[in-house]
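Read through the structure below, which is laid out as structure tokens, and then see the notes.
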Amino acid sequence: MDRRQCFEKYDWLISKIQSILKHYECPESCNASCCRHHIIDFRRKEYEKILKNVDKESANILKSNAVKSELEGCYKAIVGQCPLLTNSKCRIYNNRPEACRNFPFVIFPDPEAGFGLTLLLCPISVNIIQDYAQWYKSVNLTMYNQLTAVYEQYKNIGENNDFCIQMKEQNLDSFIEFLEKK
């Protein structure tokens, strides 16, 4: 896969993630553990755009806490609890980075496919898993049963765990259609 194809696939995955996430909202009870336990990586242009579009205090907090990212193609990272989190709410929510906008989905490099898509476990993803299981019911009963078991195990989750499931890209369009009809 050449560089142009990689960018196209990445953009395609982002659009699919956003199409799925528009059907869900984080519950009010969410304690923002995604902002406490996951590395937030920024691309250079995104980092600079955020710094330009937030208040001076938030920009200074971000500058003083961002370190060089170890992820290829990324410029800066926040490791550990995000310093822009106040009372479990994001200070720069409307200008938050792409990684935060896509959570609980994480796009990861895959040598064969270019990218893969993982759904990390958090209160919102439990609802996505439940719907994904319902979608699978008409496609593959084994997967339906497995996802239903995952849902039952984690439906009362109050924070993120390291557990995750991979979502197959060939299922995304059909799953989104399922959500649209729901």
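The values are calculated or read from the model by the stated rules, or taken from the named source; none is laboratory data. Quick caveat: nothing in here was measured; it's all calculated off a predicted structure. Cβ: placed from backbone, ideal geometry, glycine included. Neighbour counts: every protein chain shown. Surface accessibility is based on the protein's heavy atoms, side chains included, excluding ligands, DNA and RNA. Shrake-Rupley method; radii C 1.70, N 1.55, O 1.52, S 1.80 Å.
Mind checking segment 56-94 for GluC sites (Glu not before Pro) that DSSP puts in a loop (not H, G, I, E or B) and that have at most 16 other Cβ atoms within 10 Å?
Loop-located and lightly packed - Glu70, Glu72.
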Fully extended contour minus Cα-Cα distance, from Ile39 to Val139, at 0.36 nm per residue | 32.5 nm
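For segment 4-68, what ratio Rg/Rh do Cα atoms give with a Kirkwood hydrodynamic radius? Intermediate values should be presented prior to the final figure.
On the way: Rg = 15.2 Å, Rh = 14.7 Å.
The Rg/Rh ratio comes out at 1.03.
Evaluate Rg over Rh across segment 16-162, taking Cα atoms for both radii and Kirkwood's formula for Rh. List each step's numbers first, then the result.
Working: Rg = 16.8 Å, Rh = 16.7 Å.
The Rg/Rh ratio comes out at 1.00.
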For segment 24-182, what % of the accessible area comes from carbon and sulfur atoms, probe 1.4 Å?
-> 48 percent
Give me the percent of Cα-Cα pairs in segment 1-40 that sit more than 12 Å apart, rounded to a whole number.
-> 71 percent
So who's got an amide H within less than 5 Å of the one on Cys82, skipping anything under 5 residues away but keeping other chains? H placed 1.01 Å off N, in plane.
-> Arg36
In terms of the Cα gyration tensor, with a ≥ b ≥ c the square roots of its eigenvalues, is segment 47-132 rounded because a/c is under 1.5, prolate because a/b exceeds b/c, or oblate?
-> oblate
Could you calculate the contour length gain from Lys181 to Thr118, that is, 0.36 nm times the residue separation minus the distance between their Cα atoms, to one decimal place in nm?
-> 20.3 nm
Find the accessible area per residue for segment 43-170; the probe is 1.4 Å, ligands and nucleic acids are left out, and the unit is Å².
-> 59 Å²
Long-range HN-HN contacts of His23 with modeled amide H, under 5 Å | none
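Given axes a ≥ b ≥ c from the Cα gyration tensor, I'd like to know whether segment 94-136 is rounded (a/c under 1.5), prolate (a/b larger than b/c) or oblate.
Verdict is oblate for segment 94-136.
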What helices does the chain hold that run 15 Å or longer along their axis, going by alpha-carbon atoms, with a Kyte-Doolittle average of -0.5 or more, using DSSP H for the helix calls?
-> 3-21, 123-137, 141-154
GNM result for the chain, Cα springs below 10 Å: residue of Ser19, Ser64, Ser125 fluctuating most strongly | Ser64
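Mind giving me the FRET efficiency for Asp55 and Gln18? R0 is 22 Å, r the Cβ-Cβ distance, nearest 0.05 is fine.
0.25
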Looking only at aspartates and glutamates whose Cα falls under 17 Å of Lys52's and that sit 8 or more positions away or on another chain, we get Glu98
Residues meeting the amide H criterion for Asp110 (H placed from the backbone, H to H distance under 5 Å, 5 or more places apart or on another chain) are Phe115, Gly116
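With runs of 4+ DSSP H residues as the only contributors, calculate the mean residue ellipticity of the chain at 222 nm using -39,500 (n - 2.57) per run, divided by the residue total and rounded to the nearest 500. Before the final figure, lay out the partial values.
Numbers: 8 runs with 90 residues, N = 182.
Only helices count here, giving -15000 deg cm²/dmol.
Which links in Lys16/Lys56; Lys16/Lys137; Lys49/Lys168; Lys68/Lys155; Lys56/Lys89; Lys9/Lys155 stretch past 25 Å when you go from one Cα to the other?
Numbers: Lys16/Lys56 33 Å; Lys16/Lys137 21 Å; Lys49/Lys168 32 Å; Lys68/Lys155 36 Å; Lys56/Lys89 18 Å; Lys9/Lys155 32 Å.
In this structure, Lys16/Lys56; Lys49/Lys168; Lys68/Lys155; Lys9/Lys155 exceed 25 Å between Cα atoms.
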Any idea what the relative contact order of the chain is, in percent, if you count C-alpha pairs under 8 Å spaced at least 6 apart?
-> 25 percent
